[in-house]
Amino acid sequence: MRKYLQIFKISFEEEFTYRLNFILWRIRNVMQIFLTYFIWSTVYSDPAKQIFGYDRTKILTYVFGIMIVRALVLSARAMDVSNDVASGNLSNYLTKPVNYFKYWFTRDISSKVLNLIFATVEFILLFLVLKPPFLFQTNIAVILAFLVSIIFAVIIYFLILFLLSSIPFWIPEIGWGSHFLVTVVIVEALSGSLFPINILPQGLQSIILATPFPYLIYFPVEVYLGNISGWALFGGLMVAASWVGVLWVFLNVVWQKGLKVYQSFGG
Amino acid sequence: MFKKYFKIWWMMSRNSFSAVLGQKLALSMFLVGKIFRFIFFFLFLYFLLKGTGSLAGYSGNQIIFFFLTFSLVDVTTQFLFREVYKFRPMIIKGDFDLVLVKPLNALFRVLMGGADVIDLITIPPLVVLTIVYGVSLHPMMSGVLIYLILLINGFLIATAFHIAILAFAIVTTEVDHAVMIYRDLTNLGRLPVDIYKEPLKGFLTYLIPVGIMMTTPVKAMIGSASVLGIIIAFSAGILSMLLSLKFWNFALTKYTSASS
């Protein structure tokens, strides 16, 4: 446990090595929120308007909720694993007395803590500037369910990143290509980062909800808003838990097969 | 002069295309990703406008035309200026020296040295879609003409931004996030800047002229831009180009050739 604590500390400090890079990354996050915020603010300019099952307070809470949930779920370092695999750097870790999965999960947690701190400051600043109506959830059961959904989201995203990073075992040159397709495009589109999934037609919603992506952002924020409760909440959490199980088993199979073909090129 | 540089650009582009086409799997992933991202935002707008009818006083087709104009400027500049994304290693390793000693304009080489075939593939269908939606708005001939001129003005501003990013990279060695911040800023132009509130709206219209690049051409075509707005747009185009070239020349004096 102590060694992972040290990894956490080192990884946390490492984030400050390229300060300008980090600050610019955070500026990017704020700007991405602007487009989403103002689209919805324009659509719901009339406070009494109710469409897609939301009113102005709920939709703007959704947008602000995205800021925090993104920092918690999508801030990760595990995408660097593909580089380790492709460059042969993985060998350095295989010979050390550390669990490679735990090592990267620890680094992910350190990245999340740092990003969460900054996201909270940005949240407060934007809240003061934009003064949106906001739903402060006070129901303890809902908050607990929200936290459980976040834990599932964090694990699902970690497993997705590791699975993607396993592709270079077989095809080293598409490490970044696969990350672009899945984490930059598909996750952004299907996770609910831009808009709540339920504005789409029912058929499309059902297809998207059957994938792991909406359980990263959309589902936790909807739980926070209290839009999902009772059996629907239980069912949603079960689907998220199932995705954790399926992805975990799949990752173990893929990783073991990958290690067998791994040739440590360049390592 | 123009012929010589076009020949060089064509040669560099062919090399760049060959390099990308050699990795077909990676190319298909990026291509699918870009098409998927476009379709998904298009669908989002379609279903949003189906529910709301209009946005910020614009009809559904007008909003989609704003988005298509944004996409056209965005994709074309990425096609032409992809080399900018690869500038950082050149600065860090000192390889920029090799560009400076060649009898070729260094800015031209680092700005346009690697056209992107993936973006090139997406341009023709995008142009067709833009024409289809543009025609559906029943514009006057003069409106179309001013739209096209302002679109070129938008490309000029986008070029100025990329030159400034290159100069910034020389001064700070930071380019990756700078170029992505530019992308994020221009992304705010996916929809008319009228949806933003002041001071952000003014910021996006005049200081970082995203509105002039993407919103003004469409507004001029549908007849909702003022003459003063159009004059400001052209002034911003010329001014941004002059300033970015000045910044580039200043940055060159700060280049240290580190690591070479």
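The values are calculated or read from the model by the stated rules, or taken from the named source; none is laboratory data. Keep in mind the model is a prediction, meaning the values are calculated, not measured. Virtual Cβ from ideal backbone geometry, glycine too; neighbours counted across all protein chains shown. Quick note on the areas: whole protein, heavy atoms, side chains included, nothing else; ligands and nucleic acids left out. Shrake-Rupley method; radii C 1.70, N 1.55, O 1.52, S 1.80 Å.
For the pair B and A, the buried accessible area comes to roughly 3400 Å² in total, with a 1.4 Å probe and the value rounded to the nearest 100.
Of all aspartates and glutamates in the structure, those lying under 19 Å Cα to Cα from A:K96, and not within fewer than 8 positions of it along the same chain, are A:D80, A:D84.
Between A:F146, A:F105, A:F180, the residue with the greatest mean-square fluctuation in the GNM of chain A (Cα pairs under 10 Å linked by springs) is A:F180.
Computed 3J(HN,Hα) for segment A:60-66, one whole-Hz value per residue from the Karplus formula 6.51 cos²θ - 1.76 cosθ + 1.60 where θ = phi - 60°, is 6, 5, 4, 5, 5, x, 4, glycine and proline marked x. Per residue, the solvent-accessible area of segment B:2-254 (1.4 Å probe, heavy atoms of protein chains only, all protein chains present) comes to 45 Å².
Legend: translational diffusion of chain A by Stokes-Einstein, Rh = Kirkwood radius over C-alpha pairs, 4 °C, 1.567 mPa s; D = 66 µm²/s. Summing Cβ point charges (Lys, Arg +1; Asp, Glu -1) relative to the Cα centre of the protein assembly as shown gives a dipole of roughly 620 debye. Taking all protein chains together and a 1.4 Å probe, the residues B:M214, B:M1, B:M29 rank B:M1, B:M29, B:M214 from largest to smallest accessible area. Taking every alpha-carbon pair under 8 Å whose residues sit at least 6 apart, segment B:2-254 reaches a relative contact order of 25 percent.
Roll a 1.4 angstrom probe over the protein heavy atoms and tell me the percent of accessible area of segment B:2-254 that is carbon or sulfur. That share works out to 73 percent. Averaging Cα coordinates gives a centre for segment A:139-162 and one for segment B:54-133; these two points are 38 Å apart. Summarising the label geometry, the points placed 7 Å from Cα in the beta-carbon direction at B:S226 and B:F42 lie 3.6 nm from one another.
Taking the inverse of the mean 1/r over every pair of distinct Cα atoms in segment B:71-186 gives a Kirkwood hydrodynamic radius of 15.7 Å. For segment A:2-261, averaging the sequence separation of C-alpha pairs within contact (under 8 Å, six or more residues apart) and dividing by the residue count gives a relative contact order of 25 percent. Placing +1 on the Cβ of every Lys and Arg and -1 on the Cβ of every Asp and Glu, with no other charges, gives segment A:2-261 a dipole of roughly 460 debye about its Cα centre.
Taking A:G203, A:G236, A:G175 in turn, the Gaussian network model of chain A (Cα-Cα springs below 10 Å) assigns the largest fluctuation to A:G203.
Taking only protein heavy atoms and a 1.4 Å probe, the accessible area of segment A:183-267 is 71% carbon and sulfur. Estimated from helices alone, the mean residue ellipticity of chain B at 222 nm is -24500 deg cm²/dmol (sum of -39500 (n - 2.57) over DSSP H runs with n ≥ 4, per residue). Put simply, the convex hull of the Cα atoms in the protein assembly as shown casts, on average, a shadow of 26.4 nm². Taking chain A as the reference, fit the longest principal axis to its C-alpha atoms, fit the long axis of helix A:100-130 to the helix C-alpha atoms, and give the angle between the two in degrees, 0 to 90, nearest 10. Relative to chain A, helix A:100-130 is tipped by roughly 30 degrees.
From largest to smallest, the equivalent ellipsoid semi-axes obtained for segment B:2-254 from the alpha-carbon gyration tensor read 32, 22, 17 Å.
Separation of the alpha carbons by more than 28 angstrom is noted, of A:K49/B:K201; A:K9/A:K58; B:K50/B:K197; B:K86/B:K254, for A:K9/A:K58. Which residue, A:L225, A:L116, A:L204, tops the fluctuation ranking in a GNM of chain A built on C-alpha contacts under 10 Å? Highest fluctuation among the options: A:L204.
Given 4 °C and 1.567 mPa s, how large is the Stokes-Einstein diffusion coefficient of segment A:148-267 in µm²/s, with Rh as the Kirkwood radius over Cα pairs? Here the translational diffusion coefficient equals 84 µm²/s. Contact with the other protein chains removes 30 Å² or more of accessible area, compared with the isolated chain and a 1.4 Å probe, from these residues of segment A:23-71: A:L24, A:R28, A:M31, A:F34, A:L35, A:F38, A:I39, A:T42, A:V43, A:F52. Taken about its Cα centre, segment B:2-254 carries a charge dipole of roughly 460 debye when the Cβ of each Lys and Arg holds +1 and the Cβ of each Asp and Glu holds -1. Projecting each Cα onto the charge dipole of chain A (Lys/Arg +1, Asp/Glu -1 at the beta carbon, about the Cα centre), which of A:G177, A:S206, A:P97 comes out farthest on the positive side? Value: A:P97. Helix content alone sets the calculated 222 nm mean residue ellipticity of chain A: runs of n ≥ 4 DSSP H residues at -39500 (n - 2.57) each, divided across all residues, give -22500 deg cm²/dmol.
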